[in-house]
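Since the structure comes first, as structure tokens, the remarks are kept for the end.
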Amino acid sequence: MKEIVRSLVVRILTLEALFLLRRHRPRVVMVTGSVGKTSTKDATFAAFTKTRFVRRSEKSYNSDIGAPLAVLGLPNGWNSPLQWVRNIIDGALLVLAHTPYPEWLIVEVGADRPGDITRSLTWLKPEVVIATHFPAVPVHVEFYDSPRAVVAEELAPLTWLSPGGVAVINGDDGAASSFELPEGVERITYGFSNTAAVRITRLRTLVAKGKPTGISFDVSWGSERAHVSLSGVLGAAHATAVAAGIAAAVGTGMSLEDAVSGASAYEAPPGRMRIITGTAGITLIDDSYNASPAAVLQGLEALRSISGAGKRIAVLGDMLELGAYSIQEHVRIGKAAAEAADVLITVGVRARGIAAGALEAGMSGESIAQFERGSDAATHLAALAEERDVLFIKGSQGMRMERVVRALMADPSEAAKLLCRQDPEWMLR
């Protein structure tokens, strides 16, 4: 019965969204990929806001219900029947009203199950598609026949572009950069590659008093070059997200100066490589929103790049929804952790494979601690971590690693503002 009601609500809201799109005809930017969608969506929104009337989808709502909510500008009703009724009524009023509507919509789409993105494409037609990263073993792969099937669905939005459309492609990603686009679609690449149209160079980790504080980098577009500084975040992934947003902006007619000015105000979503002050002078790198092998490797690389601090501690929870690839991928992450961290803390049954991989790679058993629950790991870390230590914390959504972050924050009262999954609906789970 619950699924029937949900399906009915989705159909009604989608129909309302479709009517609104036909009336106002906004230009749609669609963000797709296995890794980095939400950060890229938010960075693109920041780049566009300098000169354009724009709306983005909320948080990481990229499912069949997330897209219509983004078009309608309505909140997620979660488990509240009353809120969903309000959304349906408000959606109907929006269709009937003649109020100003954004010229641009930036919508994130995701593939949790086969057909998720395809269903959105039947009614939401993009003019611009941003393709982020498509690793060999993507998240949610256990629900598909193969990793290739996941990538094929995530790349599907590129095939729906019409002549004159713009494909903003991650030039550092093999699957995206080699994808054959429909005839008449413009390709604009971004990334660290020498051939990228919007190229990232001189990426640096900013450090103050021995602690990481942010990143800086340059971006170039043709003969133009600009500098970007982002405080409170760490890692190449944020530079890539900002470059994608800038590429979408300049590719649709904005000047590089305006795009960079807007993108410089980008604020990373909670749980994505955000720097948080911890207890006893430690630094927390909060990447707790979710975890796939590719995203964990990116985070570990950022941890490895930090120098001049105390101990580098990797706190890694289970990576879920990997199906038959789970064992090998956890071991692979463990080997990478041995290269990036001085200390490894694992949380969960599957994460035992991370510890095994680290041991296999030569990490000392004395530098590894394994726990079943995040709360026990947090207690251990409170006694272990010392001033100037840097902790990288990551795990799949179901592991709720943000609770470990919260337990180690210098000011837990800021959790609602800084951490992911702090809505009342999540807190009760």
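Descriptive notes on the structure:
- Residue-averaged 222 nm ellipticity for the chain, from DSSP H runs of 4+ at -39500 (n - 2.57), nearest 500: -11500 deg cm²/dmol
- When the residues L18, L381 are ordered by accessible surface, computed with a 1.4 Å probe over the protein chains alone, the sequence from largest down reads L18, L381.
- Relative contact order computed over region 265-377 (Cα-Cα under 8 Å; 6+ residues apart), in percent: 20
- Overall, the anisotropy analysis places region 140-267 in the oblate class: the square-rooted eigenvalues a ≥ b ≥ c of its C-alpha gyration tensor yield a/c not less than 1.5, with a/b not exceeding b/c.
- Of all DSSP bridge pairs formed entirely within region 169-264, close to 80 percent run antiparallel.
- Close amide H partners of V28, meaning residues 5 or more places away or on another chain with modelled amide H under 5 Å apart, are L105, E127, V128.
- Rounded, prolate or oblate (a/c below 1.5 giving rounded, otherwise prolate when a/b exceeds b/c) for region 292-429 by Cα gyration tensor: oblate
- Heavy-atom accessible surface of the chain: percent carbon and sulfur, 1.4 Å: 53
- A cut-off of 5 Å between modelled amide H atoms, ignoring neighbours fewer than 5 places along the same chain, links V35 with H133.
- Distance from the C-alpha centroid of region 370-429 to that of region 89-106: 39 Å, rounded to the whole angstrom.
- A 1.4 Å probe run over the chain, with the rest of the protein chains in place, finds 42 Å² accessible per residue.
- Ranking of H227, H133, H238 by solvent-accessible surface, largest first: H227, H133, H238 (1.4 Å probe, protein heavy atoms only, all chains present).
- Once C-alpha pairs closer than 8 Å and six or more residues apart are averaged by separation and normalised to the residue number of the chain, the relative contact order reads 15 percent.
- Full-stretch length increase - A382, A149 - with 0.36 nm per residue and alpha-carbon distance subtracted: 79.6 nm
- Across region 216-232, coupling constants 3J(HN,Hα) worked out from phi with the 6.51/-1.76/1.60 Karplus curve, θ = phi - 60°, read 9, 6, 9, 10, 10, 9, x, 8, 8, 9, 9, 10, 10, 10, 10, 9, x Hz, and Gly and Pro carry x.
- Peptides ranked, highest mean first, by Cβ atoms within 10 Å: ranges 20-30, 108-118: 108-118, 20-30
- GNM result for the chain, Cα springs below 10 Å: residue of G253, G210, G165 fluctuating most strongly: G253
- J(HN,Hα) series, region 274-288, from Karplus relation 6.51 cos²θ - 1.76 cosθ + 1.60, nearest Hz, glycine and proline x: 8, 8, 10, 6, x, 5, 6, x, 7, 10, 9, 9, 8, 10, 8
- Point-charge dipole on Cβ atoms (K/R +1, D/E -1) for the chain, about Cα centre, debye to 20: 620
- Summary of the geometry: region 12-39 and region 282-353, compared by the centres of their Cα atoms, lie 33 Å apart.
- Annotation: amide H of T213 within the under-5 Å range of L206, V207, A208, sequence separation 5 or more or interchain, hydrogens built in the peptide plane.
- Ordering G91, T44, Y101 by the projection of their Cα atoms onto the charge dipole of region 17-149, which places +1 on the Cβ of Lys and Arg and -1 on the Cβ of Asp and Glu, puts Y101 at the extreme positive end.
- Centroid-to-centroid, using Cα positions, region 129-148 and region 40-87 are 23 Å apart.
- Counted charge near D172, where neighbours are those whose Cβ lies closer than 14 Å (Asp, Glu -1; Lys, Arg +1): -1
- Using the Karplus relation 6.51 cos²θ - 1.76 cosθ + 1.60 with θ = phi - 60°, the per-residue 3J(HN,Hα) values for region 71-83 come to 5, 7, x, 10, x, 6, x, 6, 9, 9, x, 4, 5 Hz, with x marking Gly and Pro.
- Relative contact order computed over region 172-316 (Cα-Cα under 8 Å; 6+ residues apart), in percent: 18
- When percent of Cα pairs over 43 Å apart is calculated for this entry, the matching label among (1) 15; (2) 33; (3) 11 is (3).
The values are calculated or read from the model by the stated rules, or taken from the named source; none is laboratory data. Computed from a prediction, not measured in an experiment: that's the story for all the values here. Backbone-built Cβ (ideal geometry, glycine too); neighbour counts: all protein chains shown. Only protein heavy atoms, including side chains, enter the accessible area calculation; ligands, DNA and RNA are left aside. Shrake-Rupley method; radii C 1.70, N 1.55, O 1.52, S 1.80 Å.
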